[in-house]
Amino acid sequence: MALRITKQFAFSASHRLEGLAQGHQCGRLHGHNYLVEVELAAEADQLTATGFVRDYGELAPFKRWIDATVDHQHLNDIVKANPTAENLARWMYELWSEQFPELSAVRISETPKTWAEFRP
């Protein structure tokens, strides 16, 4: 059974979704206060000598990337796919899974009641 840790990060950004019905509210330019939750997992025999899946402090590069790349940006200019929460979760996973091989899922929230998750 895998042990899992999660950490949340926040950013604010705008986007406009393509391909929606005429008049759909998400087809207009709008913004969100996003939450990003990264989940890392390891088997018990893969923990660090200290007993961590990974030290939370080692996620600092991800925080710096969030701040430099997506915070207060227009996501349509950054993400090659339609910037839905689902596509953002997959994009972030694909960008960071090599640096964090324990990465098991990325979740994105655009509103307090909605979450999208990419878990390969």
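Here the Karplus curve 6.51 cos²θ - 1.76 cosθ + 1.60, taken at θ = phi - 60°, turns the phi angles of the stretch 4-17 into couplings of 10, 10, 9, 9, 9, 9, 10, 7, 10, 7, 10, 6, 9, 8 Hz, with x standing for Gly and Pro. Net charge of the neighbourhood of S109, taken over other residues with C-beta under 11 Å away and scored Lys/Arg +1, Asp/Glu -1, is -1.
Counting other Cβ atoms within 10 Å of each Cβ, which GluC sites (Glu not before Pro) in the stretch 8-62 have at most 15 and sit in a DSSP loop? Listed in order of number, the matching sites are E18. Percentage of Cα-Cα pair distances in the stretch 2-118 greater than 24 Å, rounded to whole percent? When every Cα pair of the stretch 2-118 is considered, 29 percent fall beyond 24 Å.
For Q73, the residues whose modelled amide H falls within less than 5 Å of its own, excluding neighbours fewer than 5 places apart on the same chain, are S14.
In the chain, the longest principal axis of the Cα atoms and the axis of helix 85-96 are about 40 degrees apart. Of the options L47, A81, W91, report the single residue whose Cα projects farthest towards the positive end of the charge dipole of the chain (beta-carbon charges: Lys, Arg +1; Asp, Glu -1). The Cα lying farthest towards the positive end belongs to A81. Of the trypsin sites (Lys or Arg not before Pro) in the stretch 54-113, the ones in a loop by DSSP (not H, G, I, E or B) with at most 10 other beta carbons within 10 Å are K80, K113.
Under 5 Å from the amide H of K7 lie the amide H atoms of V38, each residue being 5 or more positions distant or on a separate chain, with H modelled from the backbone and absent for Pro and chain starts.
Classify the stretch 1-60 from the C-alpha gyration tensor, please: rounded if a/c falls under 1.5, else prolate or oblate depending on whether a/b exceeds b/c.
It comes out prolate by the Cα gyration axes.
When DSSP assigns beta bridges and you keep just the ones with both residues in the chain, what percent turn out antiparallel, to the nearest 5? Antiparallel: roughly 90 percent of the beta bridges in the chain.
Values quoted throughout were computed directly from the atomic coordinates according to the rules given, and no laboratory measurement underlies them. This structure is a prediction, so every number in the text was calculated from the model and none was measured. Neighbour counts are summed over all protein chains in view; Cβ atoms, including those assigned to glycine, are modelled from backbone coordinates with ideal geometry.
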